[in-house]
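Take a look at the structure below.
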Amino acid sequence: MAYSNLPPAAPAVPPSAPTPQASAGEPPLDQPYYGCSLPVAIKRFFAKYAVFSGRASRSEYWWAYLFTTVVSWILSIPAAVWLSQVFSKVIQWMIDSFEASNKSSVPEPEISAPGALTIVFIALAAIWGLAILVPQLAITWRRLHDGGFSGLWYLLVLVGPGSIVIFIFTLLPSKPEGVRFDAPGSGAHILPEVPAYPPPTQPYAYGQPAGYPPAPYPAAGYPAPGSAPAPGQPPAQPPAPYAWQGEPPQAPQAPQPPQA
């Protein structure tokens, strides 16, 4: 048995159909930035100064936390040096007073006032702490959203062990449930529209599937692409799925009775 006159089957998906790809570059501010770098995290930290809606990824949160912590430590160095000198003198005076038999004979420690540079750094540290108070609270709020928690969980810091709970929450990975905390109209709710087929490069031709490039030759039994049936003539019908090749089969004959 042989088969012939079979029209070529069209592919299930056009070879040039576009596929969705991850968007390149920095996402909008109303969306979390996964895999964020340190400079971008600092920029987004101050750009979303008092934004409590939306989400913040782990990299976006921890890079900003590292930056604010390091700056706070640097500004606190002169004050820490001056306080360490004060505490050392007070502790030494307490030890001498405890060992001496006559308490009044031990002179009181001489505590010098902080220098001008120390006062400047103390003022800068205070200004810095006030400047990052609101954005630090906002980014922690958004980090809780990204983990699927309400930002109201941050109120646990008012309780003693609550800070440990919040610290653990900020370490948890992102969850898709956090999208409910995005602002209305956020781009995170809009999925990219990817057409199922690419737009045709030329008008559809008779006998040519929409969106496919023109066939190099007409399919068997079909008119050539771009041609149309003559006026008054019905469209060409496709051939049968297959045609029998060779002689038609013969019906079996009944056996003849033997002759006497």
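Points to keep in mind about this one:
- Flag if L155 is among the hydrophobic types (A, V, I, L, M, F, W, C) and surrounded by fewer than 20 Cβ atoms within 10 Å (Cβ to Cβ): yes
- Filter result (surrounded by 13 or more Cβ atoms within 10 Å (Cβ to Cβ), modelled with pLDDT under 50 and aliphatic (A, V, I, L, M)) within region 12-39: A17
The values are calculated or read from the model by the stated rules, or taken from the named source; none is laboratory data. On a predicted model such as this, the values are computed, not experimentally measured, just so you know. Methodologically, a virtual Cβ is constructed for each residue, glycine included, from the backbone with ideal geometry; neighbour enumeration extends over all protein chains shown.
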